[in-house]
Amino acid sequence: MQNIHQKIASCNWEAITEAMHRNGYAIIPRVLTGAQCDGLKAGYDHPNSYRKTVIMERYRFGLGEYRYFDYPLPEIIQNIRESVYPKLAPVANTWMQVLNIDTRYPDTFKELQAQCHAGGQLKPTPLILKYGPGGFNTLHQDLYGDIYFPIQTVLFLNRADEDYTGGEFVLVQQTPRAQSKAIVLKPNKGDMLIFTTNFRPVKGSKGYHRVNMKHGVSEVRSGERYTLGVIFHEALS
């Protein structure tokens with residue numbers, strides 16, 4: 001059986017890169033095994049692994065809760081960060097270049113992490129989100145500070161339409177001087193969704209322009225929905 005580094009390395013990153021440039025998101029099927037998904041879900045009930053629990057309703061973020069992992073991160077999450085980031089840094093740098101933004105991202109995750117820590121962003125951002133019936137997540141962006149990476153991932157830990165119904169992942173593209181566009185996705189257990197954190201370039205008749213993106217989760221109608229969010233930049237708090 002492939003380990004997570006091997007599995008990620010064996011993905012068709014040329015096609016994934018093309019999808020990111022074209023759509024601002026890409027789905028990679030079966031990155032996690034069923035056993036890995038179940039292990040991450042089971043770990044939700046062990047609070048010593050986490051630095052912070054957020055009850056979404058208290059902050060009008062939605063209905064549900066999530067927990068941020070503390071360091072040291074579980075090995076599988078650390079491996080995902082270190083393996084996926086170098087594949088996405090060239091995409092992010094292309095976006096910055098075509099939008100004439102001076103920011104350039106380093107080649108390795110450890111270099112990005114060092115930049116965050118030098119800027120006072122010291123807290124890990126990977127998290128597990130849990131929703132029950134009626135749960136949802138309002139549209140938002142996961143920035144956490146002045147230093148951020150413009151692409152992030154979410155891994156789906158249970159089976160859509162079997163373990164839960166509803167709970168679709170929603171991306172909203174806010175194009176200047178135009179109506180917003182909603183993109184509704186339903187990845188399955190073990191799949192990884194890669195998507196833009198806050199904006200992406202879109203080519204128009206006069207060159208590239210920036211479109212803002214937000215993401216959220218539609219209402220869960222039944223069952224329990226768990227996802228693992230792997231964000232590459234760190235948080236201030």
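Values in this text are rule-based calculations from the coordinates and carry no lab data. Note that the coordinates shown come from a computational prediction; the quantities given were computed from them, not determined experimentally. Virtual Cβ from ideal backbone geometry, glycine too; neighbours counted across all protein chains shown.
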Per the rule of 0.36 nm per residue minus the C-alpha distance, extending Asn100 to Asp45 adds in nm 15.3 nm
What are the equivalent ellipsoid semi-axes of the stretch 1-126, built from the alpha-carbon gyration tensor (square roots of five times its eigenvalues), in whole angstrom, biggest first?
27, 21, 16
Below 8 Å between Cα atoms, with a sequence gap of 6+, how large is the relative contact order for the chain in percent?
28 percent
Of Lys41/Lys186; Lys110/Lys203; Lys41/Lys189, which ones are farther than 21 Å apart at the Cα?
Lys110/Lys203
Whole-Å distance, taken between Cα centres, linking the stretch 116-188 and the stretch 200-232
6 Å
Label-point separation in nm, Leu139 to Thr175, each point 7 Å along Cα→Cβ
1.5 nm
Using Cα-only point scatterers and the Debye equation, what is log10 of I(q)/I(0) for the chain at each q in 0.08, 0.12, 0.14, 0.15 Å⁻¹, rounded to two decimals?
-0.28, -0.66, -0.92, -1.08
Taking K and R as +1 and D and E as -1, what net charge do the other residues with C-beta under 15 Å from the C-beta of Leu122 add up to?
+1
